Number of protein chains: 2
Amino acid sequence: MVRLPRRIDETNVTEFLASFDNVLSDCDGVLWKTGKVIGCANDTINRLQSMGKKVLYVTNNSTLSREQYVDKCQKLGFQAKKEDIICSSYVLAQYLYHQQFNKTVYVIGEDGIGAELDHVGIKHTGIGADPAPTNEKILTVAETRELDADVGAVAIGLDGQFSFPKMIMATSYLLNSDILFLATNPDEMVPVNREDMTCPGAGALVSAVETASGRKATVVGKPSEILFSVIKRNHNLDPARTLMIGDRCNTDILFGKCCGLQTLQVLSGVTSYQNLQQYALGEKIEENNFLADYYLPELGGLLDLIDY
Amino acid sequence: MVRLPRRIDETNVTEFLASFDNVLSDCDGVLWKTGKVIGCANDTINRLQSMGKKVLYVTNNSTLSREQYVDKCQKLGFQAKKEDIICSSYVLAQYLYHQQFNKTVYVIGEDGIGAELDHVGIKHTGIGADPAPTNEKILTVAETRELDADVGAVAIGLDGQFSFPKMIMATSYLLNSDILFLATNPDEMVPVNREDMTCPGAGALVSAVETASGRKATVVGKPSEILFSVIKRNHNLDPARTLMIGDRCNTDILFGKCCGLQTLQVLSGVTSYQNLQQYALGEKIEENNFLADYYLPELGGLLDLIDY
């Protein structure tokens, strides 16, 4: 059995706070759910900043651009500059830009991806509702649509306008093995403010296209080290002095462990304490890397301990 | 290495024809692609019928009801009565009916499923376009929608109007572990009449909801034995004297092998001869059951051999 995360409490909070200079904080499920701050997460992050910790906001959510995240942070009471935002839409654009990608990307995703690709001058198509009439026969799209010969990559992120015609287009492009297949993130779901409802994540859309195409997407967001390489390009961080905070053990915590970071699990999002107990008992080696160094029910709990 | 299927030729066709009384024929990729007959598949099926073979049309495609398949068969030159049609929409309805299911089914699928559920008096909801406006924010649906308390099952088949709001609804219902999770079929794609395009199958939609929900669907269509149990309820067939014809090794042929039928692979749909060679060399035990007894490039080739 692997060791469960230690709860941060009065006995270890000083040691904990002294152990890092930088914070990479996930957003959905840690700082906020949809448009609502979780507890006093904003005051806690601001307090860490006033203690001299450098904070980056590291989110797999690709629906917004860095500029839009700065607005969201400010509206919800988090201090953030554009260079502090590492969202998977930005990572995707950086990844393609640094390999001199010069074709068009067929995107299943929202405006955040479009804005970040525009920022590095990469052409894209597909964002917004597919133009097929919703009452069209399924196979008509597959038998009548033209493919864009300039498409060199398919990229999938969260997309509220995901549809069957988009699946047909993505899967058809992927018949050509020269076309790259990228995913912003593998998250199965997005935390929402209701017990009886849930919202699928980009990982669900990726699964659909992976099944239809028989291909496996390259993930650029957490837990991929591609994201960490993008951070390192712009920020001089010592991994051993960097804390990753997350609510998902199979993206956030796995990412932190794989990149040699310290890790703090919060229970205000996807992963529950019961899940952690199951992983600790399990035998899959990968799951050992799902267990953080520390945990807290929610991030705001840290503020009380700092003030203790 | 496992034995590859034997090609039917002049030396073995008599033995082959004498070895079965009943034919279960897949449709898409064997008899037709979208609205076009493949070669002389219709004359071949009619010839087998005139030789006294009983023919059932066994399709995982759930978009039509049995009545609609009879119309399609007649239009394309295949003789078929309603009781000869075993489509996965019908199997789904029979499966629920015979377990006295008396709640509502949330359906991701088309009219074929609705018609078959209506036929056995089972209530359903969800068919057609989801009413959410296409420009609505993703999470608004998850935070504002009402769930129907009478829903007792989620069923997924091929659906040209598949959308993100439908994924939210299905995944939210599946949070309740008492709610059944059914799939008409696992087909990754549907064969189309173009080399450069493809069309995802119901299996791609099932993957999306399985990933988002963390649950595994019960498949009622091929390769599930549930489909064979529905056939046996209405038709007195000796499995050893029954031939399964299919284009997909991981549904049609696997189904035939698991139910003790003889099997004929045609190469006019999804599975290629190269795929068969890969399976023959592979080490996965399940893949042994992907290799049929016989193969032909297309079903119409049998007609020439009968007339030889």
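Structural remarks
- Principal-axis tilt of helix B:225-234 within chain B, Cα atoms, nearest 10 degrees: 70
- Taking GluC sites (Glu not before Pro) across the range A:112-186, the ones in a DSSP loop with at most 12 further Cβ atoms lying within 10 angstrom of their Cβ are A:GLU146.
- Between A:LYS81 and A:GLN49, the simple spin-label model (points 7 angstrom out along Cα→Cβ) gives 1.1 nm.
- For the pair A:ASP111 and A:ALA149, label points projected 7 Å from Cα toward Cβ lie 3.4 nm apart.
- In terms of surrounding Cβ atoms within a 10 Å radius of their Cβ, A:HIS124, B:HIS235 rank from fewest to most as B:HIS235, A:HIS124.
- Remark: B:GLU15, A:GLU110 ranked as B:GLU15, A:GLU110, counting other beta-carbon atoms within 10 Å and listing the fewest first.
- Cα Rg, Dmax, the protein assembly as shown, angstrom units: 26.9, 93
- Ratio Rg/Rh [Cα only; Rh per Kirkwood] for the range B:91-219: 0.97
- Residues in the range A:140-178 reached by a label modelled at B:GLN68 [backbone nitrogen below 18 Å; 7 Å Cα→Cβ]: A:140-143, A:164-165
- Footprinting exposure proxy ranking of B:LYS53, B:LYS166, fewest other C-beta atoms within 10 angstrom first, gives B:LYS53, B:LYS166.
- For chain A, the longest principal axis of the C-alpha atoms and the axis of helix A:164-173 are separated by about 80°.
- Charge sum, other residues only, whose C-beta stays under 12 Å from B:VAL13's C-beta, Lys/Arg counted +1 and Asp/Glu -1: -3
- For the range B:91-219: relative contact order, % (alpha-carbon pairs under 8 angstrom, 6 or more apart): 23
- Start at zero, step by 10 Å, and the Cα-Cα distances of chain A spread as 6, 27, 33, 21, 9, 2, 0 percent across the bins.
- If you wrap the tightest convex hull around every Cα atom of the range B:2-47 and split its volume per residue, you get 125 Å³.
- Helix A:88-97 vs. chain A, principal-axis angle (Cα, 0 to 90°, nearest 10): 60
- Amide H partners (placed H, <5 Å) of B:VAL219, local residues excluded: B:ALA183
- Copy-to-copy label separations for B:TYR308, where each label sits 7 Å from Cα toward Cβ, in nm and ascending: 8.4
- Two-site label geometry, B:LEU281 and A:ARG215: point separation in nm, points 7 Å out along Cα→Cβ: 2.2
- For chain A: relative contact order, % (alpha-carbon pairs under 8 angstrom, 6 or more apart): 23
- Over all projection directions, the Cα-based convex hull of the range A:19-116 averages an area of 7.1 nm².
- Ascending list, in nanometres, of distances separating the A:LYS36 label from those of the other copies (7 Å, Cα toward Cβ): 5.6
- Using a Gaussian network model of chain A in which every pair of alpha carbons under 10 angstrom is joined by a spring, one finds that among A:THR211, A:THR144, A:THR171 the greatest mean-square fluctuation is at A:THR144.
- Helix-only [θ]222 nm of chain B, DSSP H runs n ≥ 4, -39500 (n - 2.57) each, per residue, nearest 500: -9500 deg cm²/dmol
Values in this text are rule-based calculations from the coordinates and carry no lab data. Since the structure is predicted, the reported quantities are computational estimates derived from the model, not experimental observations. Every residue, glycine among them, receives a Cβ derived from its backbone with ideal geometry; neighbour counts consider all protein chains shown.
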